[in-house]
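Novice: Provided herewith is a single structure, encoded as C-alpha cells, for subsequent inquiry.
The values are calculated or read from the model by the stated rules, or taken from the named source; none is laboratory data. Worth saying up front: this structure is predicted, and the values here are computed from it rather than measured. So basically every Cβ, Gly included, is an ideal-geometry build from the backbone, and we count neighbours across all protein chains shown.
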Amino acid sequence: MKFLKKETSSDGRSRYVKKSKLQEVWHQFKKNKGAVVGLIVLILIFVLAVAASFIYDFKTDICMLSRNGRLLTPCLEHPFGTDHMGRSVLARVLYGARYSLLIGFVVVGISTGVGTLLGALAGYYGGKVETIIMRTVEIFLMIPNTLLGIVFVAVFGISLTNLMLALGLSTVPHFARNARSSVMTVRGNEYVEAAKALGVSDFKIIMKHILPNALSPILVQATTRVASAIISAATFSFLGLGVPSPLPEWGAMLSDARPYMRDYPHLIVFPGLAIMITVLAINLVGDGLRDALDPKLKR
C-alpha cells in the first residue's frame with residue numbers, strides 16, 4: 001500500500017490509485033525531516049537572492065565607495081555592518097547568493113550534461129568506445145580538480161564565465177564514471193533488448209529507455225556537487241582567480257576582508273556563514289533525494 005494513495009470519488013466511495021513517480025519520491029522525501037528543513041532554507045535563500053533587487057540598489061550599495069561609512073560594525077542601519085569601502089555587507093551577501101547559486105547550478109549543468117553523455121556512450125557501446133572514453137576520463141581524474149581549474153583560468157583569463165567552465169569541465173570525469181556504471185546496470189534489461197529487436201535507433205534507446213531509468217544516482221550526485229561547486233568557486237575567488245571585483249561573490253568577499261579580519265570580524269563571519277548554511281542546506285536536500293530515490297532505503 002505504500003505506493004498507493006487513497007481518493008474519494010464523487011459517489012462517496014474510497015479507492016486506492018497508484019502514485020506517480022514524482023508523488024512517490026516526494027512521499028519518501030518528506031520522511032527525512034533534515035531534508036525538508038534543508039529544502040525550506042534553500043528556498044528562503046533563493047527568495048532573498050531574488051528580493052535583493054527590491055531591497056538594495058546594486059550600484060549604490062554593492063559597487064559604490066562611501067568614505068563616510070567605512071568599516072562600520074553591525075547596527076540598525078547596517079545589520080551586517082559595512083566593508084572597507086563603505087559598502088553594505090548585508091546587501092553584498094544577498095547579491096552574492098545570486099552569483100554563488102548561479103555558479104553552482106551552471107557548473108553542475110555542464111558537468112552533468114557532458115559527463116552523463118560520455119558515460120552513457122561508454123556504458124552502452126562498451127568495447128573500444130568504452131576503452132577510449134574511460135581511459136581519457138581516468139587521465140583527467142589523476143589531475144586534482146583545483147589544479148585543472150587553475151590551469152584553465154590561467155590560460156583563458158579571469159572571468160565568471162571562465163570560472164564556471166573550469167569548474168564544470170574539471171568535474172566531468174566523476175559524472176562520466178557514475179553514468180557509465182548506471183547505464184551498464186540498465187542496458188541488459190528486457191525492454192532495452194525489445195527496443196533493439198524492433199529496430200529503434202541507439203540514440204532513442206539511450207535517451208528514452210536507458211537514461212530515464214539510470215538517472216537516480218546521477219541526480220543525487222548532481223545535487224551534492226552543487227555544494228562542492230559553491231565551495232570551489234569561493235576558493236577560487238578567495239585566491240583571486242574567480243569572480244572579479246566588484247561583483248559580490250562570497251569567496252571574493254572573504255578575500256577582500258583578509259586584511260581587516262582581526263579588527264572587523266563581521267567582514268569574515270557573514271559571508272562565511274552564508275557559504276556554510278547554503279552548502280549544509282544543499283547537502284541535506286541531497287541526502288533526502290538519495291533516501292527517496294534508492295529502493296533499498298524505502299520503507
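Novice: Determine, yes or no, whether ARG299 is surrounded by fewer than 19 Cβ atoms within 10 Å (Cβ to Cβ), assigned to a helix (DSSP H, G or I) and at pLDDT below 90.
Specialist: In short, no.
Novice: Are any residues in segment 228-264 surrounded by fewer than 24 Cβ atoms within 10 Å (Cβ to Cβ), of a type in the set (A, V, I, L, M) and closer than 18 Å to THR73 by Cα, and if so, which ones?
Specialist: LEU254, ALA257, MET261
Novice: Any residue in segment 136-145 that is surrounded by 13 or more Cβ atoms within 10 Å (Cβ to Cβ) and in contact with a Gly (Cβ under 9 Å, 6 or more places away or on another chain)?
Specialist: Yes, some residue in segment 136-145 is surrounded by 13 or more Cβ atoms within 10 Å (Cβ to Cβ) and in contact with a Gly (Cβ under 9 Å, 6 or more places away or on another chain).
Rundown of residues vs (1) in a helix (DSSP H, G or I); (2) modelled with pLDDT under 90; (3) of a type in the set (Phe, Trp, Tyr); (4) surrounded by 24 or more Cβ atoms within 10 Å (Cβ to Cβ), yes/no style:
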position: GLY86; (1), (2), (3), (4): no, yes, no, no
position: LEU90; (1), (2), (3), (4): yes, yes, no, no
position: VAL93; (1), (2), (3), (4): yes, no, no, no
position: GLY96; (1), (2), (3), (4): yes, yes, no, yes
position: VAL107; (1), (2), (3), (4): yes, no, no, yes
position: SER111; (1), (2), (3), (4): yes, no, no, yes
position: VAL114; (1), (2), (3), (4): yes, no, no, no
position: TYR124; (1), (2), (3), (4): yes, yes, yes, no
position: VAL129; (1), (2), (3), (4): yes, yes, no, no
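Novice: Counting only residues that are touching a residue at least 40 places away in the same chain (Cβ under 8 Å) and polar (S, T, N, Q), how many does segment 78-124 have?
Specialist: So the answer is 4.
To keep it simple, each residue is scored yes or no on (1) in a helix (DSSP H, G or I); (2) surrounded by fewer than 19 Cβ atoms within 10 Å (Cβ to Cβ); (3) of a type outside the set (A, V, I, L, M).
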| position | (1), (2), (3) |
| --- | --- |
| LEU167 | yes, no, no |
| PRO173 | yes, no, yes |
| ALA179 | yes, no, no |
| MET184 | yes, yes, no |
| GLY188 | no, yes, yes |
| TYR191 | yes, yes, yes |
| GLY199 | no, yes, yes |
| LYS204 | yes, yes, yes |
| PRO212 | yes, yes, yes |
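Novice: Any idea which of LEU289, LEU280, LEU215, LEU293 is aliphatic (A, V, I, L, M) and touching a Gly at 6+ places or on another chain (Cβ under 9 Å)?
Specialist: Selected residue: LEU280, the only one of LEU289, LEU280, LEU215, LEU293 that is aliphatic (A, V, I, L, M) and touching a Gly at 6+ places or on another chain (Cβ under 9 Å).
Novice: Filter segment 131-163 for residues that are of a type in the set (A, V, I, L, M, F, W, C) and in a loop (DSSP other than H, G, I, E, B); which is farthest from SER181 (Cα to Cα)?
Specialist: ILE158
Novice: Within segment 66-81, is there a residue that is under 20 Å from LEU267 (Cβ atoms), modelled with pLDDT under 70 and exposed (fewer than 14 other Cβ atoms within 10 Å of the Cβ)?
Specialist: Within segment 66-81, one or more residues are under 20 Å from LEU267 (Cβ atoms), modelled with pLDDT under 70 and exposed (fewer than 14 other Cβ atoms within 10 Å of the Cβ).
Novice: When segment 146-157 is examined, which residues are found to be of a type outside the set (A, V, I, L, M, F, W, C) and surrounded by 17 or more Cβ atoms within 10 Å (Cβ to Cβ)?
Specialist: Within segment 146-157, GLY149 is the sole residue that qualifies.
Novice: Next question. Out of the residues in segment 39-65 meeting the condition of being at pLDDT below 85 and either over 29 Å from ARG262 (Cβ atoms) or under 24 Å from the mean Cα position of the chain (by Cα) (or both), tell me which one is surrounded by the most Cβ atoms within 10 Å (Cβ to Cβ).
Specialist: Selected residue: ALA52.
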